[in-house]
Amino acid sequence: MKSKNTNFAWLCCILLIFSQPLFAQDDDDSTKSIKPLRIGVKIGVPNIITANAEYVTPLLGNRVALAVDWMSLSKTVDETSINYNNFEIGTNIYFNKKGKGLYGGLSYFSFDGEGTFTETEFDNGSVEDGTGKIEFNTINLKLGAKLGRTFYFRIEVGYGFGDIPEFIVVTNNDGSQTTSEDIPEIPGIETSGIPNFNFGIGFSFL
């Protein structure tokens, strides 16, 4: 998984480096009309609710956009308290030169969660509270559509490919005992990957 993360990071760096000369060009009327900076929120799975930012670059005639999603949330699932964060970065390739309408997306998704388990039976037979961590990464392929200009609506469907853990190792409070627990049913998460579906709203600027 680390090699995938490294390759993706290099890909993002190369894209940013080669796009710098294009960012330096004077804006023409067509560039201004697309309002390239978009700030909004998404609701769906597996993100639940996520802050979203997108910037449409001049690459390929205003078709290539950089996108970032971020979420931090505390939730109780099956009597287990979970604090989890996700971060997603990638690119959206629009099918037309207006930076809206249909697009395909490629992104890297990182999930990091910590759960508090109550009255858990550990390997030595004791029943105590404990904590466990859930971490995984996926590469996501999406198909989406952005409708509107200043105020917009978007919808995305896709799938995230990665190794999703089937269980979580829980450690008691003093760190002396461990046990394995099934991962709570977090919406959208499966052992083979993560189906993606979300819709969002936001505003465009510049």
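Regarding S126, is this residue at negative phi and free of Cβ contacts under 8 Å to residues at least 24 places away in the same chain?
Criteria not met by S126.
Cβ-Cβ distance below 8 Å, separation of 6 or more or different chains: which pairs start in region 164-176 with a residue that is over 11 Å from G130 (Cα atoms) and end on one that is open to solvent by 70 Å² or more (accessible area, probe 1.4 Å) and basic (K, R)?
I168/K133
Which one is farthest from V56 (Cα to Cα), of the residues in region 76-128 that are more than 25 Å from the chain's Cα centre (by Cα) and part of a strand (DSSP E or B)?
So, considering only residues that are more than 25 Å from the chain's Cα centre (by Cα) and part of a strand (DSSP E or B), the one farthest from V56 (Cα to Cα) is V127.
What are the residues in region 70-121 that are aliphatic (A, V, I, L, M), out of contact with any helix residue (DSSP H, G or I) (no Cβ under 8 Å at 6 or more places or on another chain) and open to solvent by 10 Å² or more (accessible area, probe 1.4 Å), if any?
L73, V77, L102, L106, listed by residue number.
Can we say K146 is out of contact with any strand residue (DSSP E or B) (no Cβ under 8 Å at 6 or more places or on another chain), touching a residue at least 40 places away in the same chain (Cβ under 8 Å) and either at negative phi or part of a strand (DSSP E or B) (or both)?
No: the conditions fail for K146.
I'm told R38 meets every condition in (1) touching a residue at least 60 places away in the same chain (Cβ under 8 Å); (2) over 28 Å from I164 (Cα atoms); (3) touching a Lys or Arg at 6+ places or on another chain (Cβ under 6 Å) except one. Can you identify the failing condition by its number?
That leaves (3) as the condition not met.
Might you check whether a residue that is of a type in the set (V, I, T), under 19 Å from A51 (Cα atoms) and under 17 Å from the mean Cα position of the chain (by Cα) occurs anywhere in region 159-177?
no
Taking the condition surrounded by 14 or more Cβ atoms within 10 Å (Cβ to Cβ), farther than 23 Å from I82 by Cβ and in contact with a strand residue (DSSP E or B) (Cβ under 6 Å, 6 or more places away or on another chain), does I139 pass?
Working: surrounded by 14 or more Cβ atoms within 10 Å (Cβ to Cβ): yes; farther than 23 Å from I82 by Cβ: yes; in contact with a strand residue (DSSP E or B) (Cβ under 6 Å, 6 or more places away or on another chain): yes.
So I139 passes the test.
Of the residues G200, G188, which is at pLDDT 90 or above and surrounded by 14 or more Cβ atoms within 10 Å (Cβ to Cβ)?
Unique residue meeting the criteria: G200.
Given the conditions (1) loosely packed, with under 15 Cβ neighbours inside 10 Å; (2) in contact (Cβ under 8 Å) with a residue 24 or more places away in the chain; (3) not small (G, A, S), which single one is not true for N52?
Going through the list (1) loosely packed, with under 15 Cβ neighbours inside 10 Å; (2) in contact (Cβ under 8 Å) with a residue 24 or more places away in the chain; (3) not small (G, A, S), N52 breaks only (1).
Go through region 142-169 and report how many residues are surrounded by 14 or more Cβ atoms within 10 Å (Cβ to Cβ), within 23 Å of L37 (Cβ to Cβ) and aromatic (F, W, Y).
So the count comes out to 1.
Kindly evaluate L66 against the criterion of being farther than 28 Å from T118 by Cα, at pLDDT 90 or above and in a helix (DSSP H, G or I).
no
The values are calculated or read from the model by the stated rules, or taken from the named source; none is laboratory data. Given the structure is predicted, the values throughout are model-derived calculations rather than measurements. We place every Cβ from the backbone using ideal geometry, glycine too, and count neighbours over all the protein chains shown. Calculation scope for accessible area: heavy atoms of the full protein, side chains included, ligands and nucleic acids excluded. Shrake-Rupley method; radii C 1.70, N 1.55, O 1.52, S 1.80 Å.
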